[in-house]
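Below is one structure, written out as structure tokens; the observations come after it.
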Amino acid sequence: MIGARILGTGSVLPGRTVSTAEVGARAFPGRDPAELVAKSGIEHRYWHNPETDSVASVAADTLRLALETSGLQAHDLRRIILSCSHGFDGVMPATANHVAARLGLRGQCDCFDLNNTCMGFLTGLDLAARCVATGMGPVAVVATELCSRVCSPEEPRPYAIMGDASGAVIVGPSTTGGILASHMG
């Protein structure tokens, strides 16, 4: 029986480091930044550069790292699943298509966007494991969130805690264990 396992991982923290003091000055003027750090546990976060970074560019950079750790090349992929809960780069074509293009893939693998809010990456991982178990693998799953695009000081709670990040896995076949099942409820 063929199962699925994680072959490689990658992560990216795009853009510049933003301190809680900077965020606090905008969202909670006059409030002690140390109090915000104590309540949230967050000393800094990363915000992408809107002039150079997009969901597709950050996701592609993350997938390159995951491919490197897996020992595979982009052309080995059979599917790319891109998860993002704060908005993709566009509606059509799917942002995952732009990721594939940035990896040099043209018509070589299936790809699609997945918006399942906080469960997006786990849903993508579940789908990838099922694809691999039925013979369609390896599959890349990447979750890219550029929350700084949509958070503002006018909504101080999410603004004070959200940051930008991206993580990816390459899921491939296994005959010795790995991802055995998933249960989400």
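Which three extents, in whole angstrom, do the alpha-carbon atoms of the range 141-185 cover along their principal axes, largest first?
Principal extents (Cα only, largest first): 51, 24, 12 Å.
I need to check one value: relative contact order of the chain, counting alpha carbon pairs closer than 8 Å and at least 6 residues apart, in percent.
Details: 394 pairs, mean separation 66.6, N = 185.
The normalised contact order for the chain reaches 36 percent.
Heavy atoms only, probe 1.4 angstrom, no DNA, RNA or ligands counted: give me THR117, THR20 ranked by accessible area, highest first.
So, going from the largest accessible area down, we get THR117, THR20.
Which whole-percent values make up P(r) of the range 15-109 when all C-alpha to C-alpha distances are grouped in 5 Å steps starting at zero?
Pairs per bin, as whole percents: 2, 12, 18, 16, 13, 12, 10, 8, 6, 3, 1.
Which residue, VAL139, VAL169, VAL18, has the most motion in a Gaussian network model of the chain that connects Cα atoms within less than 10 Å?
The residue with the greatest mean-square fluctuation here is VAL18.
Please give the per residue accessible area of the chain, computed with a probe of 1.4 Å over protein heavy atoms only, in Å².
Numbers: 9640 Å² over 185 residues.
Spelled out: the 1.4 Å probe surface of the chain, per residue, equals 52 Å².
Using a 10 angstrom cutoff on alpha carbons, build the Gaussian network for the chain and name the most mobile of ALA56, ALA74, ALA27.
With Cα springs under 10 Å in the chain, the top fluctuation among ALA56, ALA74, ALA27 is at ALA27.
Which residue, ARG26, ARG130, ARG45, tops the fluctuation ranking in a GNM of the chain built on C-alpha contacts under 10 Å?
Its mean-square fluctuation being the largest, the pick is ARG26.
Label GLU43 and SER182 with points 7 Å out from Cα along Cα→Cβ: what is the distance between them in nm?
Those two pseudo-labels are separated by 3.4 nm.
Please state the relative contact order of the range 58-158 as a whole percent: Cα pairs under 8 Å, 6+ residues apart?
Taking the mean separation of contacting Cα pairs over the length of the range 58-158, I get 37 percent.
In whole angstrom, note down how far apart the Cα centers of the range 66-140 and the range 1-41 are.
24
Just the Kirkwood number for the range 92-149, please: inverse of mean 1/r across all distinct Cα pairs, in Å, one decimal.
The answer is 12.5 Å.
Quick check: the distance between the Cα centres of the range 163-185 and the range 45-60, to the nearest angstrom?
24
Where does helix 120-133 land angle-wise versus the long Cα axis of the chain, in degrees 0 to 90, nearest 10?
10
Given that compact globular proteins tend to follow 2.2 N^0.38 Å, what is the ratio of the alpha-carbon Rg of the range 66-169 to that value?
The reported ratio for this selection is 1.15.
For THR17, what accessible area in Å² do you get when you roll a 1.4 Å probe over the heavy atoms of the protein chains, rounding to the nearest 10?
The value for THR17 is about 80 Å².
Using only Cα atoms, tell me the angle between helix 55-70 and the longest principal axis of the chain; keep it within 0 to 90° and round to the nearest 10.
Roughly 50 degrees between the two axes.
The values are calculated or read from the model by the stated rules, or taken from the named source; none is laboratory data. From a predicted model like this one, the values you see are computed outputs, not experimental measurements. Because the Cβ atoms are built from the backbone with ideal geometry, glycine has one as well, and the counts that use them run over all protein chains shown. The accessibility values were calculated without ligands, DNA or RNA, using every heavy atom of the protein model including side chains. Shrake-Rupley method; radii C 1.70, N 1.55, O 1.52, S 1.80 Å.
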